[in-house]
Amino acid sequence: MAAEVDENGALVDDIMILCDGPNTYRVTHGSGATPEQLKKVAEGKKVSLELDRDTHILSLQGPASLEILKPHTPMQLEKLPFFGHEKTTLFGKPVIIGRCGYSGERGYEVYCSSADAGEMWDNILSHGKAHGAIPASWTSLDLIRVESALLFFPFDMPEGDTTPWEVNMRWAVDADKKADYIGKRAVLYLQGRERFKQAGVVCNHSEAVEPGTRIYKDGKDIGVVTSSSYSRYMMQSLAMVHLLPAYTGLGTHVTFGDGAGICDGMVVRTPFYDPLRLRVAE
(Lines give C-alpha, C1' and ligand atoms only; values in the text may rest on other atoms or scores of the structure.)
Protein backbone atom coordinates (compact mmCIF):
# COMPACT_ATOMS: atom_id res chain seq x y z
CA MET A 1 0.00 0.00 0.00
CA ALA A 2 1.13 3.55 -0.67
CA ALA A 3 -0.10 7.12 -0.49
CA GLU A 4 -0.47 8.06 -4.15
CA VAL A 5 -0.24 11.83 -4.53
CA ASP A 6 -0.16 14.33 -7.40
CA GLU A 7 2.36 17.10 -8.06
CA ASN A 8 0.75 19.15 -5.28
CA GLY A 9 1.06 16.41 -2.65
CA ALA A 10 -2.68 15.67 -2.64
CA LEU A 11 -4.08 12.13 -2.49
CA VAL A 12 -5.47 11.02 -5.86
CA ASP A 13 -6.37 7.33 -5.52
CA ASP A 14 -6.52 4.13 -3.51
CA ILE A 15 -3.72 1.84 -4.65
CA MET A 16 -2.24 -1.56 -3.84
CA ILE A 17 0.87 -2.93 -5.57
CA LEU A 18 1.64 -6.65 -5.62
CA CYS A 19 5.02 -7.94 -6.81
CA ASP A 20 4.28 -11.03 -8.93
CA GLY A 21 7.91 -11.56 -9.99
CA PRO A 22 11.33 -9.89 -10.40
CA ASN A 23 10.01 -7.59 -13.14
CA THR A 24 6.23 -7.95 -12.87
CA TYR A 25 3.91 -5.92 -10.68
CA ARG A 26 0.15 -5.99 -10.29
CA VAL A 27 -1.49 -2.65 -9.51
CA THR A 28 -5.02 -2.56 -8.11
CA HIS A 29 -6.57 0.88 -7.77
CA GLY A 30 -9.82 2.70 -7.15
CA SER A 31 -11.56 5.38 -9.16
CA GLY A 32 -8.79 7.97 -9.10
CA ALA A 33 -5.86 9.10 -11.24
CA THR A 34 -3.69 5.96 -11.20
CA PRO A 35 -3.85 5.25 -14.98
CA GLU A 36 -2.67 8.77 -15.80
CA GLN A 37 0.01 8.69 -13.09
CA LEU A 38 1.36 5.34 -14.34
CA LYS A 39 1.70 6.70 -17.86
CA LYS A 40 3.74 9.62 -16.53
CA VAL A 41 6.19 7.50 -14.53
CA ALA A 42 6.55 4.98 -17.39
CA GLU A 43 7.58 7.57 -19.98
CA GLY A 44 11.10 6.98 -21.25
CA LYS A 45 11.52 3.75 -19.31
CA LYS A 46 11.57 0.09 -20.36
CA VAL A 47 8.15 -0.50 -18.89
CA SER A 48 4.94 -1.85 -20.42
CA LEU A 49 1.52 -1.18 -18.93
CA GLU A 50 -1.12 -3.84 -19.55
CA LEU A 51 -4.78 -3.55 -18.55
CA ASP A 52 -6.04 -6.86 -17.16
CA ARG A 53 -9.80 -7.27 -17.50
CA ASP A 54 -9.71 -11.02 -16.98
CA THR A 55 -8.90 -11.08 -13.26
CA HIS A 56 -11.72 -11.18 -10.73
CA ILE A 57 -11.20 -10.64 -7.00
CA LEU A 58 -13.39 -12.54 -4.55
CA SER A 59 -13.00 -11.31 -0.99
CA LEU A 60 -13.73 -13.65 1.90
CA GLN A 61 -13.64 -11.77 5.18
CA GLY A 62 -14.15 -12.80 8.78
CA PRO A 63 -12.65 -14.93 11.56
CA ALA A 64 -13.70 -18.18 9.82
CA SER A 65 -12.05 -17.33 6.49
CA LEU A 66 -8.88 -19.31 7.20
CA GLU A 67 -10.83 -22.37 8.27
CA ILE A 68 -13.01 -22.19 5.14
CA LEU A 69 -10.19 -21.89 2.58
CA LYS A 70 -7.33 -23.85 4.16
CA PRO A 71 -8.58 -27.39 3.32
CA HIS A 72 -8.90 -26.51 -0.37
CA THR A 73 -5.46 -25.08 -1.18
CA PRO A 74 -1.99 -26.68 -0.96
CA MET A 75 -0.39 -23.48 0.32
CA GLN A 76 0.25 -22.89 4.01
CA LEU A 77 -2.45 -20.29 4.23
CA GLU A 78 -2.05 -19.77 7.97
CA LYS A 79 1.51 -18.51 7.39
CA LEU A 80 0.55 -15.86 4.84
CA PRO A 81 1.36 -12.49 6.47
CA PHE A 82 -0.86 -9.44 6.39
CA PHE A 83 -0.41 -7.73 2.98
CA GLY A 84 1.21 -10.92 1.68
CA HIS A 85 0.16 -12.84 -1.45
CA GLU A 86 1.10 -16.10 -3.13
CA LYS A 87 0.38 -18.00 -6.35
CA THR A 88 -1.32 -21.31 -5.64
CA THR A 89 -4.46 -23.27 -6.46
CA LEU A 90 -7.87 -23.21 -4.80
CA PHE A 91 -10.45 -25.89 -5.50
CA GLY A 92 -8.01 -27.08 -8.17
CA LYS A 93 -7.97 -23.76 -10.06
CA PRO A 94 -4.94 -21.45 -10.44
CA VAL A 95 -5.28 -18.36 -8.24
CA ILE A 96 -3.37 -15.76 -6.29
CA ILE A 97 -4.44 -15.52 -2.66
CA GLY A 98 -3.73 -12.27 -0.84
CA ARG A 99 -4.35 -11.21 2.73
CA CYS A 100 -5.45 -7.63 3.03
CA GLY A 101 -9.15 -6.95 3.28
CA TYR A 102 -11.34 -4.00 4.04
CA SER A 103 -13.16 -5.29 7.08
CA GLY A 104 -11.01 -5.11 10.21
CA GLU A 105 -11.03 -8.91 10.45
CA ARG A 106 -8.79 -11.66 9.12
CA GLY A 107 -9.65 -12.12 5.46
CA TYR A 108 -8.40 -13.20 2.06
CA GLU A 109 -8.67 -12.02 -1.54
CA VAL A 110 -8.84 -14.68 -4.24
CA TYR A 111 -7.57 -13.45 -7.62
CA CYS A 112 -8.90 -15.76 -10.32
CA SER A 113 -9.73 -15.73 -14.03
CA SER A 114 -13.16 -14.62 -15.19
CA ALA A 115 -13.79 -18.16 -16.49
CA ASP A 116 -13.29 -19.59 -12.99
CA ALA A 117 -14.94 -16.82 -10.99
CA GLY A 118 -18.48 -18.23 -10.95
CA GLU A 119 -17.41 -21.72 -9.90
CA MET A 120 -14.99 -20.26 -7.33
CA TRP A 121 -17.78 -18.14 -5.84
CA ASP A 122 -20.09 -21.16 -5.59
CA ASN A 123 -17.40 -23.33 -4.01
CA ILE A 124 -16.47 -20.74 -1.38
CA LEU A 125 -20.11 -20.27 -0.37
CA SER A 126 -20.87 -23.98 -0.46
CA HIS A 127 -17.89 -25.03 1.65
CA GLY A 128 -18.27 -21.98 3.86
CA LYS A 129 -21.97 -22.41 4.59
CA ALA A 130 -21.34 -24.50 7.71
CA HIS A 131 -19.11 -21.68 9.01
CA GLY A 132 -21.70 -18.99 8.35
CA ALA A 133 -20.36 -17.65 5.04
CA ILE A 134 -22.94 -15.62 3.11
CA PRO A 135 -22.84 -13.17 0.17
CA ALA A 136 -22.43 -9.59 1.37
CA SER A 137 -23.34 -6.35 -0.39
CA TRP A 138 -21.27 -3.20 -0.67
CA THR A 139 -23.51 -1.71 2.04
CA SER A 140 -22.32 -4.39 4.46
CA LEU A 141 -18.69 -3.77 3.55
CA ASP A 142 -19.11 -0.02 3.91
CA LEU A 143 -20.55 -0.47 7.40
CA ILE A 144 -17.70 -2.61 8.69
CA ARG A 145 -14.97 -0.52 7.07
CA VAL A 146 -16.35 2.50 9.00
CA GLU A 147 -16.31 0.44 12.22
CA SER A 148 -12.63 -0.19 11.43
CA ALA A 149 -12.03 3.46 10.38
CA LEU A 150 -10.69 2.43 6.96
CA LEU A 151 -10.49 5.24 4.43
CA PHE A 152 -12.38 5.23 1.12
CA PHE A 153 -11.17 7.43 -1.73
CA PRO A 154 -12.52 10.00 -2.52
CA PHE A 155 -15.25 10.08 0.13
CA ASP A 156 -12.85 10.53 3.06
CA MET A 157 -10.92 13.19 1.11
CA PRO A 158 -13.78 15.59 0.26
CA GLU A 159 -11.56 18.68 0.09
CA GLY A 160 -10.05 17.50 -3.21
CA ASP A 161 -6.52 18.36 -2.09
CA THR A 162 -6.31 16.24 1.07
CA THR A 163 -2.76 15.29 2.05
CA PRO A 164 -1.64 11.97 3.59
CA TRP A 165 -0.69 13.78 6.81
CA GLU A 166 -4.26 15.01 7.25
CA VAL A 167 -5.75 11.51 7.19
CA ASN A 168 -3.16 9.75 9.37
CA MET A 169 -1.31 8.12 6.46
CA ARG A 170 2.21 8.98 7.61
CA TRP A 171 3.02 5.24 7.43
CA ALA A 172 2.36 5.24 3.66
CA VAL A 173 4.72 8.08 2.71
CA ASP A 174 8.33 7.31 1.77
CA ALA A 175 10.29 10.25 3.14
CA ASP A 176 13.74 8.69 2.77
CA LYS A 177 13.65 7.29 -0.74
CA LYS A 178 16.57 8.62 -2.76
CA ALA A 179 14.77 8.29 -6.09
CA ASP A 180 12.20 10.92 -6.91
CA TYR A 181 8.46 10.30 -7.25
CA ILE A 182 5.49 12.39 -8.31
CA GLY A 183 4.68 14.98 -5.63
CA LYS A 184 7.61 14.08 -3.35
CA ARG A 185 8.79 17.64 -2.73
CA ALA A 186 5.25 18.94 -2.23
CA VAL A 187 4.07 16.19 0.11
CA LEU A 188 7.16 16.40 2.31
CA TYR A 189 6.82 20.19 2.46
CA LEU A 190 3.21 19.81 3.66
CA GLN A 191 4.13 17.62 6.64
CA GLY A 192 3.36 19.59 9.81
CA ARG A 193 1.09 21.98 7.89
CA GLU A 194 -2.14 20.03 8.35
CA ARG A 195 -5.31 22.12 7.99
CA PHE A 196 -7.42 19.41 9.65
CA LYS A 197 -7.01 15.87 10.96
CA GLN A 198 -8.93 12.64 10.51
CA ALA A 199 -10.72 11.57 13.69
CA GLY A 200 -13.59 9.44 14.93
CA VAL A 201 -16.71 10.50 16.78
CA VAL A 202 -19.38 8.43 18.51
CA CYS A 203 -22.68 10.23 17.95
CA ASN A 204 -25.63 10.30 20.34
CA HIS A 205 -28.08 9.39 17.61
CA SER A 206 -30.20 6.42 16.52
CA GLU A 207 -29.11 6.75 12.89
CA ALA A 208 -25.97 7.44 10.88
CA VAL A 209 -25.22 11.16 10.57
CA GLU A 210 -25.09 12.08 6.88
CA PRO A 211 -21.65 12.62 5.30
CA GLY A 212 -21.16 16.31 4.60
CA THR A 213 -22.80 17.36 7.88
CA ARG A 214 -20.85 20.22 9.47
CA ILE A 215 -19.48 19.85 12.99
CA TYR A 216 -19.46 22.60 15.62
CA LYS A 217 -17.88 23.37 18.98
CA ASP A 218 -19.36 26.23 21.01
CA GLY A 219 -20.89 27.59 17.82
CA LYS A 220 -17.66 27.43 15.83
CA ASP A 221 -17.53 25.39 12.61
CA ILE A 222 -14.67 22.94 13.23
CA GLY A 223 -15.12 20.18 10.69
CA VAL A 224 -17.19 17.82 8.56
CA VAL A 225 -18.42 14.22 8.51
CA THR A 226 -16.70 12.23 5.76
CA SER A 227 -18.15 8.72 6.32
CA SER A 228 -20.66 7.29 8.78
CA SER A 229 -22.73 4.28 9.74
CA TYR A 230 -25.01 3.02 12.45
CA SER A 231 -23.37 -0.11 13.78
CA ARG A 232 -25.89 -2.73 14.87
CA TYR A 233 -23.01 -4.78 16.25
CA MET A 234 -21.73 -1.96 18.48
CA MET A 235 -25.16 -0.30 18.82
CA GLN A 236 -23.58 3.09 18.15
CA SER A 237 -23.76 5.81 15.54
CA LEU A 238 -20.22 6.21 14.18
CA ALA A 239 -18.70 9.05 12.18
CA MET A 240 -15.34 9.42 10.50
CA VAL A 241 -14.65 13.15 10.44
CA HIS A 242 -12.21 15.90 9.55
CA LEU A 243 -11.65 18.30 12.44
CA LEU A 244 -9.44 21.32 13.01
CA PRO A 245 -6.33 19.90 14.73
CA ALA A 246 -7.02 21.71 18.01
CA TYR A 247 -10.29 19.77 18.45
CA THR A 248 -9.13 16.19 17.90
CA GLY A 249 -8.31 15.41 21.53
CA LEU A 250 -10.01 12.29 22.89
CA GLY A 251 -13.10 13.20 24.87
CA THR A 252 -13.78 16.46 23.00
CA HIS A 253 -17.53 17.08 22.81
CA VAL A 254 -18.95 18.34 19.50
CA THR A 255 -22.31 19.10 17.90
CA PHE A 256 -23.48 17.92 14.49
CA GLY A 257 -25.44 20.44 12.45
CA ASP A 258 -25.92 24.17 12.87
CA GLY A 259 -28.42 25.82 15.17
CA ALA A 260 -30.27 23.30 17.32
CA GLY A 261 -28.16 20.60 15.68
CA ILE A 262 -28.84 16.97 14.84
CA CYS A 263 -27.11 15.51 17.88
CA ASP A 264 -23.96 15.77 19.93
CA GLY A 265 -21.00 13.42 20.03
CA MET A 266 -17.56 12.77 21.45
CA VAL A 267 -14.16 12.24 19.84
CA VAL A 268 -12.95 8.71 20.53
CA ARG A 269 -10.06 6.50 19.62
CA THR A 270 -10.19 4.78 16.24
CA PRO A 271 -10.68 2.17 14.95
CA PHE A 272 -14.04 2.13 16.72
CA TYR A 273 -13.97 -1.68 16.57
CA ASP A 274 -10.85 -3.51 17.80
CA PRO A 275 -8.77 -0.33 18.44
CA LEU A 276 -5.47 -2.25 18.53
CA ARG A 277 -6.33 -4.14 15.31
CA LEU A 278 -5.57 -7.40 17.07
CA ARG A 279 -8.14 -9.38 15.09
CA VAL A 280 -6.55 -8.50 11.75
CA ALA A 281 -3.21 -9.86 12.96
CA GLU A 282 -4.59 -13.11 14.41
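Worth a mention:
- As a fraction of the 1.4 Å probe accessible area of region 4-112, surface on carbon and sulfur atoms comes out at 54 percent.
- Applying a DSSP loop filter and a limit of 12 other Cβ atoms within 10 Å to the GluC sites (Glu not before Pro) in region 142-224 leaves 207.
- Distance in nm between pseudo-label sites at residue 142 and residue 46 (7 Å out along the Cβ direction from Cα): 4.7
- The Cα center of region 110-166 and the Cα center of region 197-223 differ in position by 26 Å.
- Accessible area per residue for region 18-78 is 70 Å², calculated with a 1.4 Å probe on protein heavy atoms, without ligands, DNA or RNA.
- Among 135, 22, 94, residue whose mean-square fluctuation peaks in a GNM of the chain (springs only between Cα atoms under 10 Å): 22
- The chain: angle of helix 114-128 to the longest principal axis, Cα-based, in degrees nearest 10: 80
- For region 49-183, the number of Lys pairs with C-alpha atoms closer than 19 Å, counting only pairs eight or more positions apart or on separate chains, is 5.
- Taken about its Cα centre, the chain carries a charge dipole of roughly 660 debye when the Cβ of each Lys and Arg holds +1 and the Cβ of each Asp and Glu holds -1.
- Since only 233, 100, 82 are under comparison, the one whose Cα sits farthest along the positive direction of the charge dipole of the chain, derived from C-beta charges on Lys, Arg, Asp and Glu, is 82.
- Percent RCO, i.e. relative contact order, over the chain, from Cα pairs under 8 Å lying at least 6 residues apart: 18
- Max mean-square fluctuation residue, GNM over the chain, Cα-Cα springs under 10 Å, options 115, 133, 172: 115
- Accessible area per residue in Å² at 1.4 Å probe, computed on region 140-263: 51
The values are calculated or read from the model by the stated rules, or taken from the named source; none is laboratory data. Model, not experiment: these values are computed from the prediction. All Cβ positions, glycine included, derive from the backbone under ideal geometry; neighbour counts span all protein chains shown. The protein model used for the area step is the full one, side chains on, heavy atoms only, and it has no ligands, DNA or RNA in it. Shrake-Rupley method; radii C 1.70, N 1.55, O 1.52, S 1.80 Å.
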